[in-house]
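Input: a single structure, listed below in structure tokens.
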């Protein structure tokens, strides 16, 4: 799924409840004109706190950029991520960072809701995104807000609390700023996109491909 100018403009409104005032669409950059990406660029702190599993001092860090409405991201979350988690994250070999890169309003709303439900609990954050990916076909339809309210209710939130969460201008601005950094500096323009110790890997990638790269890095 490649991001389009229309999708970027839509991301500025994100929720469908209220537009973010005072912000202008950013342009997509030409990758040929972009600077080289380094592991330090990827690791640079962004506006929203990173949600990560695995030790901070792990020899290898995987950073994923995903959109909650991306079917390729959902497939990866269901088929590949659990294998990476079992083999590398749970064994303290790899640190895994998840960063939101919403491609449409529904994805932006889902990202904001996930943050509200999880707060600063990374384990809960990954559990919520796992649920959203598994139920993507059910909530990412013509009326995502109503479906997200039901998910919020399961987490103990009222409908008004869900609306307030999704309509949070400060959090929305942070989400947009982080997406802008990912596009302009890291040259992310599709989901899923991964960085393995700074090396960019785009699109659906099998566990076997991850395994080759991770094992090589862990041996070095």
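The values are calculated or read from the model by the stated rules, or taken from the named source; none is laboratory data. What you see is a predicted model, and the numbers here were worked out from it, not measured in a lab. Don't worry about glycine lacking a Cβ; one is built from the backbone with ideal geometry, like all the others, and counts go over all protein chains shown.
When region 149-188 is filtered for residues that are surrounded by 15 or more Cβ atoms within 10 Å (Cβ to Cβ), modelled with pLDDT of 95 or more and in a loop (DSSP other than H, G, I, E, B), the ones remaining, listed by number, are 157, 167, 168, 185, 186, 187, 188. Screening residue 180 on (1) out of contact with any strand residue (DSSP E or B) (no Cβ under 6 Å at 6 or more places or on another chain); (2) within 22 Å of residue 87 (Cβ to Cβ) shows it passes everything except condition (2).
Within region 102-124, does at least one residue satisfy the condition of being over 21 Å from residue 136 (Cα atoms), in contact with a strand residue (DSSP E or B) (Cβ under 8 Å, 6 or more places away or on another chain) and surrounded by 17 or more Cβ atoms within 10 Å (Cβ to Cβ)? Checked region 102-124: no residue is over 21 Å from residue 136 (Cα atoms), in contact with a strand residue (DSSP E or B) (Cβ under 8 Å, 6 or more places away or on another chain) and surrounded by 17 or more Cβ atoms within 10 Å (Cβ to Cβ).
Could you say whether any residue in region 108-116 is in contact (Cβ under 8 Å) with a residue 40 or more places away in the chain, within 16 Å of residue 154 (Cα to Cα) and more than 14 Å from the chain's Cα centre (by Cα)? Scanning region 108-116 turns up at least one residue that is in contact (Cβ under 8 Å) with a residue 40 or more places away in the chain, within 16 Å of residue 154 (Cα to Cα) and more than 14 Å from the chain's Cα centre (by Cα).
Among the candidates 71, 82, the residue that is touching a helix residue (DSSP H, G or I) at 6+ places or on another chain (Cβ under 8 Å), modelled with pLDDT of 95 or more and surrounded by fewer than 17 Cβ atoms within 10 Å (Cβ to Cβ) is uniquely 71. Selection of region 117-133 for residues being more than 14 Å from the chain's Cα centre (by Cα), in contact (Cβ under 8 Å) with a residue 40 or more places away in the chain and within 16 Å of residue 54 (Cβ to Cβ) yields only 123. Filtered by the rule that a residue be touching a residue at least 12 places away in the same chain (Cβ under 8 Å) and surrounded by fewer than 16 Cβ atoms within 10 Å (Cβ to Cβ), region 134-148 gives 134, 135. Of all residues in region 199-220, which are assigned to a loop (DSSP other than H, G, I, E, B) and either modelled with pLDDT of 95 or more or more than 30 Å from residue 112 (Cβ to Cβ) (or both)? Listed by number, the residues that qualify are 206, 220. Can you say whether residue 87 is in contact with a helix residue (DSSP H, G or I) (Cβ under 9 Å, 6 or more places away or on another chain), at pLDDT 95 or above, surrounded by fewer than 18 Cβ atoms within 10 Å (Cβ to Cβ) and in a helix (DSSP H, G or I), as far as the supplied structure shows? Yes.
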